[in-house]
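A quick write-up on the structure given underneath.
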Amino acid sequence: MNITDDSNRRENTIFVLMVKESSGSAGGRGGGSGMRKIDKILAFKMIGKIDEQIYETQDSQEIEEFDIPYSAVAMDIVLESGVPSVVQGVIDPDMVNRYLEIVRKATRS
């Protein structure tokens with residue numbers, strides 16, 4: 001989700017769904033068998049170059065509320081440590097808003 005404020009700084013909310021892949025799983029690629037299970041969720045609010053972690057859970061009941069975006073596209077990235085990695089991502093403002101509503105409900109309890 002992108003918002004531009006008056007100072008022209010871009011704001012993004014990013015959710016990271018850490019997926020634990022079972023043996024036989026093909027990382028979500030076609031033809032894979034097995035099961036993908038989210039075991040941790042993190043969320044960050046980014047404003048310009050400043051980031052703030054706004055949510056983290058390993059609670060299986062909370063995690064069950066989040067939909068896995070199966071339409072995610074694989075991307076090659078290089079981590080800050082210099083280690084290359086393959087991640088999957090999707091840009092979906094509606095999904096981010098649904099996730100934020102889940103976070104609001106979870107943090108009210």
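The values are calculated or read from the model by the stated rules, or taken from the named source; none is laboratory data. For clarity, every value in this text was computed on a predicted model and none was experimentally measured. Glycine gets a Cβ as well: all are built from the backbone with ideal geometry, and neighbour counts include every protein chain shown. We work out accessible area using only protein heavy atoms, side chains counted, and drop any ligands, DNA or RNA first. Shrake-Rupley method; radii C 1.70, N 1.55, O 1.52, S 1.80 Å.
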Task: Complete set of residues in segment 85-104 that are open to solvent by 50 Å² or more (accessible area, probe 1.4 Å) and touching a residue at least 40 places away in the same chain (Cβ under 8 Å) - done: 86, 88, 93, 97
- [ ] For segment 52-62, name all the residues that are closer than 16 Å to residue 14 by Cα and touching a residue at least 12 places away in the same chain (Cβ under 8 Å).
- [x] 54, 55, 56, 57
TODO: Might you check whether a residue that is of a type in the set (D, E, K, R), under 18 Å from residue 93 (Cβ atoms), modelled with pLDDT of 85 or more and exposed (fewer than 15 other Cβ atoms within 10 Å of the Cβ) occurs anywhere in segment 9-26?
DONE: yes
TODO: Determine, yes or no, whether residue 82 is at pLDDT 85 or above, open to solvent by less than 70 Å² (accessible area, probe 1.4 Å), part of a loop (DSSP other than H, G, I, E, B) and out of contact with any Phe, Trp or Tyr (no Cβ under 8 Å at 6 or more places or on another chain).
DONE: yes
Open item on the list: Which of the numbered conditions does residue 64 fail, given that it passes all the others? Conditions: (1) at pLDDT below 90; (2) over 12 Å from the mean Cα position of the chain (by Cα); (3) open to solvent by 50 Å² or more (accessible area, probe 1.4 Å).
Closed with: (1)
TODO: Would you please name the residue that is surrounded by the fewest Cβ atoms within 10 Å (Cβ to Cβ), looking only at residues in segment 47-59 that are at pLDDT below 95 and part of a strand (DSSP E or B)?
DONE: 50
TODO: Take the residues in segment 27-46 that are among the small types (Gly, Ala, Ser) and part of a loop (DSSP other than H, G, I, E, B), then tell me which one is modelled with the highest pLDDT.
DONE: 34
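Say we look at segment 84-94 and pick out the residues that are under 21 Å from residue 39 (Cβ atoms) and of a type in the set (A, V, I, L, M, F, W, C); which of these is farthest from the chain's Cα centre (by Cα)? Break it down stepwise before answering.
So the first thing to find is which residues in segment 84-94 are under 21 Å from residue 39 (Cβ atoms), and the list is 85-90.
From what is left, the residues that are of a type in the set (A, V, I, L, M, F, W, C) are 86-87, 90.
Working: 86: 14, 87: 10, 90: 9 Å.
Result: 86.
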